[in-house]
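*Asks:* Can you read through this structure? Questions will come right after.
The values are calculated or read from the model by the stated rules, or taken from the named source; none is laboratory data. What you see is a predicted model; the values in this text were computed from it and never measured. Note: ideal-geometry Cβ built from the backbone for every residue, glycine included; neighbour counts use all protein chains shown. Just the protein is used for accessible areas: all its heavy atoms, side chains included, with ligands, DNA and RNA removed. Shrake-Rupley method; radii C 1.70, N 1.55, O 1.52, S 1.80 Å.
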Amino acid sequence: MDFTFLTPPLVRFGRGCITELGKETKRLGNRALLVTGRSFLKQSGILDRLLGILEEAGVSTVIYDGVSPEPLVDMAEEARELLYREGCNVVIGAGGGSALDTAKSVAALAGAPGRVAEYLNGKRIDGAALPWVAVPTTAGTGSEATPTAVFTDPARDVKTSMRGRQFMAAAVLVDPELTLTAPPHITAHSGMDALTQAIESLTSRFATPLTKSLSLQAAELIISCLPRAVENGQDIEARENLALGSLMAGIALANARLGVVHGLAHPVGHRCQRAHGLVCAVLLPPVMEFNLPVAAGDYALLARRLDLPGDNDTEKARALVTLVRNLNQRLGIPSRLKALGLKADDIPVMAEQALPSGSTKANPRPVSREDLEGILDNAL
Ligand code: NAD
């Protein structure tokens, strides 16, 4: 056994813990750039609440609210320019994965020369990073706990990621109450993203005993609570378990990496212009089927915790795949990629783009370009 385990140095979890944002930010800096999306934080009144909490702690705040879902790398560039202009010394990301990814890139690349987009191309990061505080409002991407940021780069017409230890949050505040306003489709999509991350990190070639225990519990929490949170958004107990599951899956994936669903989700999501979680949800059952010959033992571990039927690992693993298909159906998620707008002609390019991805390389069953085409073909 030989592994490294990376986590944010401080994780605060609990209903109402957002009141500690001022205290946790003040430890790190006194002039914050708060990075968020355009609409919901303002409309829900949460933004005013956060600003009040920060002011009370003696932190002055500048707002960048230009992040859209599935963000463009230009948004991180714009936010970083604002950080320089305003002389901020700490960054806060408040919102879904899109806002968190933008915030962590601004912080990680605060002292780095050149354009943000160059680092998506694999340029080595030099220069001092600034600390950033993660406040997730979806459950979720787990981005609060990962050293990864995902962007669309319009210049290269790709959706891709950058990663490094500089991207890790200095403090994470997971307040499940902040997810109460998420509408059913966002709850469903981001919840299925979290479940995909839990299942792919469980079976990843780089999984360790530490990550596997997190992945298993995360998957169990998400499977048991996601339908409840989608059907009744005010079910705070379900929201709390989902937020915990999503955080645990994030820590697991940060250390174990993922698999073919995530390898394919970036090109397919970019081609179809669909939410990342939705694309993951549609791809998860066919990729699980593909992985059955090598991953049945891990799937059966989860199936046992869920008390699924089956006389042996293979039968239990199959029952888990059926459960995931039924879960998608219950959440109103389509079963075919065609419903997302993917065309048969797109398949060769999608497979070519997914093949070199780090997620694809972490998949428990080695995959060729033909395998990827076959998975997409079956799922079309
Ligand atoms: P998102 O951040 O794109 O948000 C989707 C929509 O939900 C937005 O309009 C947002 O304003 C709204 N929203 C967020 N929280 C809300 C709330 N509590 N109430 C009402 N509306 C709310 O969605 P996401 O699924 O959290 O993030 C997706 C992005 O994260 C993608 O770009 C994906 O690639 C990326 N991602 C990153 C990682 C990582 O490790 N960095 C992991 C997985 C996904």
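*Asks:* Per 10 Å bin from zero, what fraction in whole % of the C-alpha pairs of the chain is there, up to the bin with the longest pair?
*Replies:* Once binned at 10 Å, the Cα pair distances of the chain give 5, 26, 35, 24, 9, 1, 0.
*Asks:* Here is a further query. Please identify, among 119, 299, 64, the residue showing maximal mean-square fluctuation in a Gaussian network model of the chain using a 10 angstrom Cα cutoff.
*Replies:* Sorting by GNM fluctuation, first place goes to 119.
*Asks:* If you put +1 on each Lys and Arg Cβ and -1 on each Asp and Glu Cβ, how big is the dipole of segment 182-379 around its Cα centre, in Debye rounded to 20?
*Replies:* On the way: 19 positive and 20 negative charges, 35 e Å.
Dipole size: approximately 160 debye.
*Asks:* Leaving ligands, DNA and RNA out of it, work out the accessible area of residue 335 with a 1.4 Å probe and give it in Å² to the nearest 10.
*Replies:* Accessible area of residue 335: about 80 Å².
*Asks:* Right, another one. Between 226, 54, 306, find the one with the highest GNM mean-square fluctuation for the chain; connect C-alpha pairs within less than 10 Å.
*Replies:* Ranking 226, 54, 306 by mean-square fluctuation puts 306 first.
*Asks:* Something else: If all Cα-Cα distances of segment 1-68 are sorted into 5 Å bins from 0 onward, what percent lands in each bin, rounded to whole numbers?
*Replies:* Bin by bin from 0 Å, the calculated values are 3, 14, 21, 21, 19, 10, 4, 4, 3, 1.
*Asks:* Whose amide H sits under 5 Å from the amide H of residue 335, counting only residues 5 or more places off or on another chain, with H placed in the peptide plane?
*Replies:* So residue 335 has HN proximity to no qualifying residue.
*Asks:* Tell me what the chain gives for mean residue ellipticity at 222 nm when only DSSP H runs of n ≥ 4 count, each as -39,500 (n - 2.57), the sum divided by the residue total, rounded to 500 deg cm²/dmol.
*Replies:* Calculated mean residue ellipticity at 222 nm is -17000 deg cm²/dmol.
*Asks:* Same structure again: Residues of the chain: accessible area per residue at 1.4 Å, in Å²?
*Replies:* Each residue of the chain exposes 39 Å² on average to a 1.4 Å probe.
*Asks:* While we're on this one: Rounded to the nearest percent, how much of the accessible area of the chain (1.4 Å probe, protein heavy atoms only) is carbon and sulfur?
*Replies:* 50
*Asks:* Next question, about the same structure. Rank these by accessible area, largest first, 1.4 Å probe: 212, 42.
*Replies:* The most accessible residue leads, giving 42, 212.
*Asks:* Sorted by accessible area (1.4 Å probe), largest first, how do 193, 157 line up?
*Replies:* Of 193, 157, the descending order of accessible area is 157, 193.
*Asks:* On the full set of protein chains, 1.4 Å probe, figure out the accessible area of residue 26 and give it in Å² to the nearest 10.
*Replies:* 90
*Asks:* Cα to Cα, under 23 Å, and not fewer than 8 places away if on the same chain: which lysines meet these conditions relative to residue 343?
*Replies:* Of all the lysines, those that pass the test against residue 343 - Cα under 23 Å, at least 8 places apart if same chain - are 159.
*Asks:* Under 5 Å between amide H atoms, partner at least 5 residues away or on a different chain: which partners does residue 72 have, H built in plane at 1.01 Å?
*Replies:* 152
*Asks:* Tell me, what is the percent relative contact order of segment 11-178, built from C-alpha pairs under 8 Å that lie six or more residues apart?
*Replies:* 27
*Asks:* Output needed: percent of Cα pairs per 5 Å distance bin for segment 11-178, bins running from 0 to the one holding the longest distance.
*Replies:* It works out to 2, 10, 21, 24, 22, 13, 6, 2, 0, in whole percents.
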